[in-house]
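Below is one structure; the comments refer to it alone.
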Ligand SMILES: [Fe+2]
């Protein structure tokens, strides 16, 4: 588990997740383990439509042939190093999972708490959080030294066991060293101008929103990155669709020759924006925890006696800390005195039990006054943590 105090510390060190910094020893494998990563990998492979989530690399090249093979035969072991090594014939390798479904209730509940802390600390500035997973000992990032345009803020949770180096350049230094702002595929040649950060197991690194970076992973390790998008998903999709339409109309009206897809200036960015917006939509539909920001609270109550259940796979979180407890759902939370009935209610909802608000309140009267019990139950409804069955 990650102490909320450490999230606040990270926010302060990084100017709200904008500046480069490493928070040492921020989490243990009780928060995120190799076993969790194996489960996520298997969830990707369970859905044919997710093949494009997986990329495979050797030190020198992307390997689409191996992508298929890894997708069809996902790891059954938590020892991803041995597994990966055997799949790549003993060579150094890199596997990237982009925007995988998490489908791991226990980890999702822990991540939800962390994201709730991040949203609380930074205000509600993010459109969504995208997970990405990096596995292997592939040396420099296969995409070279680069700047992640339009991605927003990036938090890298390093599981290890190897130590990863992250090299960061100011834009000015990078342009001086490479002659431009394109990705540099020989980052080793320009390291003297970079600032180096070492990221060990349990560390969280914030990547800067400005400037350029490259990761160097000489020994086997696993990293879990969250990209916190600034733009609202609706705005992103609307803007991408508007731009695509405006270009198409302009071409029609001026009678200009249709351009090949790769030549149309922002075609790639439009594709990226649309695919991102669709991913956010899918995450929202799956109630993929706080990967999307908390929905605005509901004002009206549900029809009396209507049975309610948690939405999708989104857990109701109950956590005790010393003499306080937190009840959380869909990114909203309430601090309360610790109470067994709250833990019991969260367990029952997470087991997909269907209850009316009155039944939930009745359970809570074991520890709370009738008014307080009704208020707490109504909050779960207001947060969209429970929905009519
Ligand atoms: Fe990057």
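The values are calculated or read from the model by the stated rules, or taken from the named source; none is laboratory data. Quick caveat: nothing in here was measured; it's all calculated off a predicted structure. Cβ: placed from backbone, ideal geometry, glycine included. Neighbour counts: every protein chain shown.
Scan region 187-197 and tell me whether some residue there is in contact with a helix residue (DSSP H, G or I) (Cβ under 7 Å, 6 or more places away or on another chain) and within 14 Å of the ligand (Cβ to nearest atom). Before the answer, list the steps.
Of all residues in region 187-197, those in contact with a helix residue (DSSP H, G or I) (Cβ under 7 Å, 6 or more places away or on another chain) come to 190, 193.
Checking which are within 14 Å of the ligand (Cβ to nearest atom) leaves us with none.
For region 187-197, residues in contact with a helix residue (DSSP H, G or I) (Cβ under 7 Å, 6 or more places away or on another chain) and within 14 Å of the ligand (Cβ to nearest atom): absent.
Can you tell me which residue is nearest to the chain's Cα centre (by Cα) among those in region 141-155 that are in a strand (DSSP E or B) and more than 10 Å from the ligand (Cβ to nearest atom)?
Initial filter on region 141-155 (in a strand (DSSP E or B)): 145-146, 153-155.
Now narrow it down to the ones that are more than 10 Å from the ligand (Cβ to nearest atom): 153, 155.
Numbers: 153: 11, 155: 9 Å.
Once the filter is applied, the top-ranked residue is 155.
Could you please let me know if residue 137 is assigned by TED's automatic domain parsing to the domain that holds residue 58 and within 16 Å of the ligand (Cβ to nearest atom)?
Details: assigned by TED's automatic domain parsing to the domain that holds residue 58: yes; within 16 Å of the ligand (Cβ to nearest atom): no.
Taking the combined requirement at face value, the residue does not satisfy it.
Return only the number of the condition from (1) within 16 Å of the ligand (Cβ to nearest atom); (2) under 17 Å from residue 19 (Cα atoms); (3) touching a strand residue (DSSP E or B) at 6+ places or on another chain (Cβ under 6 Å) that residue 158 does not satisfy.
Condition (2) is where residue 158 drops out.
Within region 89-131, can you find the residues that are more than 30 Å from residue 349 (Cβ to Cβ) and surrounded by fewer than 20 Cβ atoms within 10 Å (Cβ to Cβ)? Spell out how you get there, then give the answer.
Kept after step one, since they are more than 30 Å from residue 349 (Cβ to Cβ), are these residues of region 89-131: 89-96, 98.
Selection gives 89, 90, 91, 92, 98.
Residue 183 fails exactly one of the following numbered conditions: (1) within 12 Å of the ligand (Cβ to nearest atom); (2) out of contact with any strand residue (DSSP E or B) (no Cβ under 7 Å at 6 or more places or on another chain). What is the number of that condition?
Evaluating residue 183 over (1) within 12 Å of the ligand (Cβ to nearest atom); (2) out of contact with any strand residue (DSSP E or B) (no Cβ under 7 Å at 6 or more places or on another chain) leaves (2) as the failure.
Counting only residues that are over 18 Å from the mean Cα position of the chain (by Cα) and surrounded by 18 or more Cβ atoms within 10 Å (Cβ to Cβ), give me the strands (runs of 3 or more DSSP E) lying completely in region 194-233 with at least 3 of them. Before the answer, list the steps.
Values: elements: 195-199, 204-207, 212-217, 221-229.
Output list reads 212-217.
If residue 222 meets every condition in (1) farther than 20 Å from residue 57 by Cα; (2) away from the ligand (no atom under 15 Å from the Cβ); (3) in contact with a helix residue (DSSP H, G or I) (Cβ under 9 Å, 6 or more places away or on another chain) apart from one, which number is that one?
The single condition residue 222 does not satisfy is (1).
Please tell me if residue 178 is assigned by TED's automatic domain parsing to the domain that holds residue 138, within 14 Å of the ligand (Cβ to nearest atom) and surrounded by 15 or more Cβ atoms within 10 Å (Cβ to Cβ).
Values: assigned by TED's automatic domain parsing to the domain that holds residue 138: yes; within 14 Å of the ligand (Cβ to nearest atom): no; surrounded by 15 or more Cβ atoms within 10 Å (Cβ to Cβ): yes.
Spelling it out, it is not the case that residue 178 is assigned by TED's automatic domain parsing to the domain that holds residue 138, within 14 Å of the ligand (Cβ to nearest atom) and surrounded by 15 or more Cβ atoms within 10 Å (Cβ to Cβ).
Only one of 110, 72, 18, 42 is touching a helix residue (DSSP H, G or I) at 6+ places or on another chain (Cβ under 8 Å) and on the phi < 0 side of the Ramachandran plot; which? Walk me through how you get there before you give the answer.
Working: 110 fails: touching a helix residue (DSSP H, G or I) at 6+ places or on another chain (Cβ under 8 Å); 18 fails: touching a helix residue (DSSP H, G or I) at 6+ places or on another chain (Cβ under 8 Å); 42 fails: touching a helix residue (DSSP H, G or I) at 6+ places or on another chain (Cβ under 8 Å).
None of the other options fit; the residue is 72.
What residue, among those in region 47-75 that are modelled with pLDDT under 90 and more than 22 Å from residue 139 (Cα to Cα), is surrounded by the most Cβ atoms within 10 Å (Cβ to Cβ)?
50
Among the residues of region 166-175, are any assigned by TED's automatic domain parsing to the domain that holds residue 40 and under 16 Å from the mean Cα position of the chain (by Cα)? Spell out the reasoning first.
Residues of region 166-175 that are assigned by TED's automatic domain parsing to the domain that holds residue 40, as a first pass: 166-175.
Okay, now just the ones that are also under 16 Å from the mean Cα position of the chain (by Cα), so none.
Looking through region 166-175, none of the residues is assigned by TED's automatic domain parsing to the domain that holds residue 40 and under 16 Å from the mean Cα position of the chain (by Cα).
Test residue 130 against the criterion of being within 14 Å of the ligand (Cβ to nearest atom) and in the same structural domain as residue 30 (by TED's automatic domain parsing), and give yes or no. Even if it seems obvious, please write down each step before you answer.
On the way: within 14 Å of the ligand (Cβ to nearest atom): yes; in the same structural domain as residue 30 (by TED's automatic domain parsing): yes.
For residue 130, the condition - within 14 Å of the ligand (Cβ to nearest atom) and in the same structural domain as residue 30 (by TED's automatic domain parsing) - is met.
Counting only residues that are modelled with pLDDT under 95 and buried (at least 19 other Cβ atoms within 10 Å of the Cβ), which one in region 337-378 is farthest from residue 309 (Cα to Cα)?
It comes out as 346.
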